[in-house]
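Here is the structure we will look at.
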Amino acid sequence: MKIIAFFSEKGGVGKSTFTLMYASWLKKHGVKVGVADFNKRLTEYRKDEIAFLKKNGTFDDSMLESAWPIIPVDRKFAAQFGADNPGNAIWLDTQIREGGLRDLDVLLVDLPGATSGKELPELIICKMLNMIIIPVEKDRQTLGAALAVKNFLIKANTCRFFGFINKIQTSYGKKADYVKIMRVMKRQGLPMLPDMVSFSSRMENFEKVDMMRSTFAYPDWDLPAYKGSRDLGIENLFYDIAREMLKVSDYRDTRPADLSFVESLKKDTSMQSLNRQLNDTSFPEYEIELSEDMKTRFKKNR
């Protein structure tokens, strides 16, 4: 099992939404995936979705059987060990060994913000996490938060970590701000995944649609809330994270994760070219000419 956490010191950067979508993507590819919900947001998403489906008469118990598990943290369990003990890490380890999560390939962890809280430090100190993914936006507060997390993780030195640019809000011709961010983050020691997620409105709408569906299965990209995210490279970013997961060891003595599907995947090279240009990096094999339709779509959907 690989244990991957999504974290930022700042709220609203897309941790929970991205966790939800990534879990659905992994499930689509046959990966046994679950989520430890320290933030409690995904637990509420699923409750809302079940309520909506029941109201419309389209819910049955078989949907829960096929859904990937979302396990909310038991704060009473964690608190019983006292302030000087890593109760959150003990809870998660107990869920893995005794709570039915042992046979998962990937366990995603959705964490609340702030390294001043107990969740992240306890999981890090106990070496529970294999990798941490940090969403980054262009505003100074979010950038500062990402670097604060980086400083903490470097000092702890227990797992790999990466940032990625989320919620791009620029037209095709205005890439200078994002190029600068990538360079600053790399100079400051925060490794950045090469692909990016475009357009905050896509992710915001995702949380507001009546039937989210992706708490049970892969999103229907034809719905207005999703259309565009796929077009502008979100699956490339999913692929990047999956490739990095292949490089980290499994959690202690859990079963080896089967991520063999990753080697058969191919990136959308037109989207790859677009993201490489935003990154201001040169990868000749991907430097293909973008169609006028692609450029127009990128400008219109900002």
Suppose we filter region 130-161 for residues that are surrounded by fewer than 17 Cβ atoms within 10 Å (Cβ to Cβ) and within 18 Å of P194 (Cβ to Cβ); how many remain? 2
Residues that are under 23 Å from the mean Cα position of the chain (by Cα), hydrophobic (A, V, I, L, M, F, W, C) and more than 29 Å from V262 (Cα to Cα), drawn from region 60-88: V73
Which numbered condition K127 misses (of (1) surrounded by 17 or more Cβ atoms within 10 Å (Cβ to Cβ); (2) within 19 Å of T158 (Cβ to Cβ); (3) charged (D, E, K, R)): (1)
When you scan region 175-189, do you find a residue that is touching a Lys or Arg at 6+ places or on another chain (Cβ under 8 Å) and either under 21 Å from Y22 (Cβ atoms) or at pLDDT below 60 (or both), even just one? no
Enumeration of residues in region 74-120 that are under 30 Å from Q141 (Cα atoms), surrounded by fewer than 21 Cβ atoms within 10 Å (Cβ to Cβ) and in contact (Cβ under 8 Å) with a residue 24 or more places away in the chain: P86, P112, G113, A114, T115, K118
Would you check if S214 is at pLDDT below 55 and not acidic (D, E)? no
Just wondering, is there one or more residues in region 51-62 that are farther than 24 Å from N151 by Cα and at pLDDT 90 or above? no
Members of region 121-143 that are free of Cβ contacts under 8 Å to residues at least 60 places away in the same chain and either β-branched (V, I, T) or out of contact with any strand residue (DSSP E or B) (no Cβ under 7 Å at 6 or more places or on another chain) (or both): P121, E122, I124, I125, C126, K127, K138, D139, R140
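Every residue, every condition in (1) more than 21 Å from K127 (Cβ to Cβ); (2) out of contact with any Cys (no Cβ under 6 Å at 6 or more places or on another chain); (3) among the basic types (K, R), yes or no:
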| residue | (1), (2), (3) |
| --- | --- |
| K54 | yes, yes, yes |
| S62 | yes, yes, no |
| E65 | yes, yes, no |
| I70 | yes, yes, no |
| V73 | no, yes, no |
| A78 | no, yes, no |
| G82 | no, yes, no |
| I90 | no, yes, no |
| I96 | no, yes, no |
How many of the residues making up region 58-73 are in a loop (DSSP other than H, G, I, E, B), β-branched (V, I, T) and either touching a residue at least 12 places away in the same chain (Cβ under 8 Å) or in contact with a strand residue (DSSP E or B) (Cβ under 7 Å, 6 or more places away or on another chain) (or both)? 1
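Conditions tested, residue by residue: (1) modelled with pLDDT of 85 or more; (2) over 29 Å from K150 (Cα atoms).
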position: A23; (1), (2): yes, no
position: T43; (1), (2): yes, no
position: D48; (1), (2): no, yes
position: A67; (1), (2): yes, yes
position: I71; (1), (2): yes, no
position: G87; (1), (2): yes, no
position: D103; (1), (2): yes, yes
position: L108; (1), (2): yes, no
position: C126; (1), (2): yes, no
Would you tally the residues in region 1-13 being crowded, with 24+ Cβ neighbours inside 10 Å and assigned to a loop (DSSP other than H, G, I, E, B)? 3
Looking at region 33-57, which of the residues that are in contact with a helix residue (DSSP H, G or I) (Cβ under 7 Å, 6 or more places away or on another chain) and in a loop (DSSP other than H, G, I, E, B) is surrounded by the fewest Cβ atoms within 10 Å (Cβ to Cβ)? N39
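The values are calculated or read from the model by the stated rules, or taken from the named source; none is laboratory data. Note that the structure is predicted; figures quoted are calculated from it, not measured. Glycine also receives a Cβ, built like all others from the backbone with ideal geometry; neighbour counts cover every protein chain displayed.
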